[in-house]
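Right, one structure below, let's go through it.
The values are calculated or read from the model by the stated rules, or taken from the named source; none is laboratory data. All figures in this text were calculated on a predicted structure; none of them were measured in a lab. FYI the Cβ positions are ideal-geometry reconstructions off the backbone, even for glycines, and counts take in every protein chain you see. Ligands, DNA and RNA are excluded from the accessible area calculation, which covers all protein heavy atoms including side chains. Shrake-Rupley method; radii C 1.70, N 1.55, O 1.52, S 1.80 Å.
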Amino acid sequence: QVQLVESGGGLVQAGGSLRLSCAASGSTGRINVVGWYRQAPGKQRELVASIRDDGITKYADSVKGRFTISRDNAENTLSLQMNSLKLEDTAVYYCNAARMLGTSVRVYEYWGQGTQVTVSL
């Protein structure tokens, strides 16, 4: 079992920055991909960014060049640095950890409780 706890959300003006953190605990040894998802009101949850155990990252087109995902394996933490925030970035952001076989099969995954990010004018 893996437990994930997000923090760092809040209210920020457009153009500003925010850094989200996710602390993991439990049996994390077999996790090989971690990432951030977000869900805006009335919309589907979408992948924002992910990072594999080999260091390969993936970003949604809408956040490329603005967001950076990173991890600290020694501390079992995952971060998302968000810069140049836009109104459309407003959403609940969720931390995710999964065991993947190749790139298509999820053996299992875990979710955090979510943290609210609100971008204002």
Qualifying residues in region 60-82 (those that are in contact (Cβ under 8 Å) with a residue 60 or more places away in the chain and closer than 28 Å to Ser27 by Cα) - the one farthest from the chain's Cα centre (by Cα): Gln81
Residues that are of a type in the set (A, V, I, L, M) and either buried (at least 22 other Cβ atoms within 10 Å of the Cβ) or assigned to a loop (DSSP other than H, G, I, E, B) (or both), drawn from region 92-105: Ala97
Enumeration of residues in region 27-44 that are charged (D, E, K, R), open to solvent by 40 Å² or more (accessible area, probe 1.4 Å) and within 15 Å of Ala97 (Cα to Cα): Arg30
Residue list for region 2-26, restricted to those being in contact (Cβ under 8 Å) with a residue 40 or more places away in the chain and under 25 Å from Met100 (Cβ atoms): Val2, Gln3, Leu4, Val5, Glu6, Leu20, Ser21, Cys22, Ala23, Ala24, Ser25
Pick from region 68-91, criterion among the charged types (D, E, K, R) and in a loop (DSSP other than H, G, I, E, B), ranking: nearest to Ser7 (Cα to Cα): Glu75
Top-ranked residue in region 43-54 [being part of a loop (DSSP other than H, G, I, E, B) and at pLDDT 95 or above; ranked as farthest from the chain's Cα centre (by Cα)]: Lys43
Single residue of region 50-82 satisfying the filter (over 15 Å from Arg38 (Cβ atoms) and among the aliphatic types (A, V, I, L, M)) that is least open to solvent (accessible area, probe 1.4 Å): Ile51
